[in-house]
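Remarks on the structure that follows.
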Amino acid sequence: MNNMGLLDDKKRTNIAGYIISMWHVEDLMRANRFDMTLVEELLIGPMDADEHAKADARAVYDTIIKRMKEQGLERQGHLHEVEEVLNELEFLHNSLLRVVNDKDYNVLFAAAQGDIAALQHQADEQADGPITTCFTAIYGVLLLRAQGKAVSPATTEAEGHFRRLLDALSMHYRQ
């Protein structure tokens with residue numbers, strides 16, 4: 001299965017994992033200055049895959065680079081299709097709370113709500129919706145861990161609340 005196939009499969013089965021994966025790919029393309037020679041050397045070459053899979057990865061990365069450049073995302077931001085999914089998830093979140101009144105989901109949100117509010121308060125006018133805030137926090141923790149930096153017990157606990165909330169939201173999104 002090619003990389004886009006992997007991303008498409010993740011989009012169908014685990015929408016939260018898809019968003020985190022896309023954010024990671026966007027950051028990798030920025031870190032490699034949108035240079036396919038660097039992407040080839042650092043990301044595709046070391047892959048434990050056959051030449052067909054590497055060609056698929058090459059095509060995916062090339063497409064993502066082109067779309068990011070077209071959309072002016074060289075420094076920050078996310079591809080339009082990723083933003084659309086985030087907007088859909090924010091809408092679904094609000095529907096589950098206010099329209100469906102899903103009891104289990106409400107419990108998960110209540111557990112995460114204090115930490116979400118604290119992060120939104122820190123962001124002030126740049127604050128995103130609660131679901132985007134959860135993704136931002138989880139991605140930030142992943143980056144800290146990748147850099148070998150310590151993550152406090154309180155942050156780890158909050159991350160757990162965010163992950164459980166996003167897992168439930170992903171399940172509802174699949175349905």
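The values are calculated or read from the model by the stated rules, or taken from the named source; none is laboratory data. On a predicted model such as this, the values are computed, not experimentally measured, just so you know. Backbone-built Cβ (ideal geometry, glycine too); neighbour counts: all protein chains shown. Just so you know, the surface numbers come from the protein's heavy atoms only, side chains and all, with ligands and any DNA or RNA stripped out. Shrake-Rupley method; radii C 1.70, N 1.55, O 1.52, S 1.80 Å.
With a cut-off of 18 Å, note down the residues of the stretch 10-42 whose backbone N falls inside the zone around a label point 7 Å from the Cα of Glu51 toward its beta carbon.
40-41
Checking understanding here: applying a Kyte-Doolittle mean of at least -1.0 and a length along the axis of at least 30 Å (C-alpha), which whole DSSP H helices in the chain pass? Don't skip to the answer; put the middle values down first.
Details: long enough: 153-174 (31 Å, -0.65).
Length and hydropathy pass: 153-174.
Carbon and sulfur together cover what percent of the accessible area of the chain at a 1.4 Å probe radius? Please report the intermediate quantities before stating the final value.
On the way: 5260 of 9960 Å².
Of the solvent-accessible surface of the chain, carbon and sulfur hold 53 percent.
Under the classification rounded if a/c is under 1.5, otherwise prolate if a/b is larger than b/c and oblate if not, where does the stretch 122-175 fall, given a ≥ b ≥ c as square roots of the Cα gyration tensor eigenvalues?
oblate
Note down the relative contact order for the chain as a percent, whole number, built from C-alpha pairs under 8 angstrom at least six residues apart.
So the answer I get is 26 percent.
When a/c is below 1.5 the answer is rounded, else prolate if a/b is larger than b/c, else oblate, so apply that to the stretch 60-114 with a ≥ b ≥ c taken from the square roots of the Cα gyration tensor eigenvalues.
Prolate shape, in that a/c is at least 1.5 and a/b is the bigger ratio.
Take Glu40 and Thr155, extend 7 Å from each Cα along the Cα→Cβ direction, and tell me the distance between the two endpoints in nm.
Calculated label separation equals 3.8 nm.
Tell me whether the stretch 10-66 comes out rounded, prolate or oblate; compute the Cα gyration tensor, take square roots of the eigenvalues as a ≥ b ≥ c, and use a/c under 1.5 as the rounded threshold.
oblate
Accessible area per residue, 1.4 Å probe, Å², for the chain: what's the number?
Numbers: 9960 Å² over 175 residues.
Here the per-residue accessible area is 57 Å².
Within 10 Å, count the other beta carbons around each residue, average over each peptide in 25-34, 68-77, and list them highest first. Walk me through the intermediate numbers first.
Numbers: 25-34: 16.6, 68-77: 12.3.
In decreasing order of mean packing, 25-34, 68-77 become 25-34, 68-77.
Stretch Ala59-His172 to full length: gain in nm at 0.36 nm per residue minus the Cα-Cα span?
Working: separation 113, 0.36 × 113 = 40.68 nm, distance 3.16 nm.
Contour length minus Cα-Cα distance gives 37.5 nm.
Report the extension gain between Asn106 and His24 in nm, rounded to one decimal, defined as 0.36 nm multiplied by the number of residues separating them, less their alpha carbon distance.
26.6 nm
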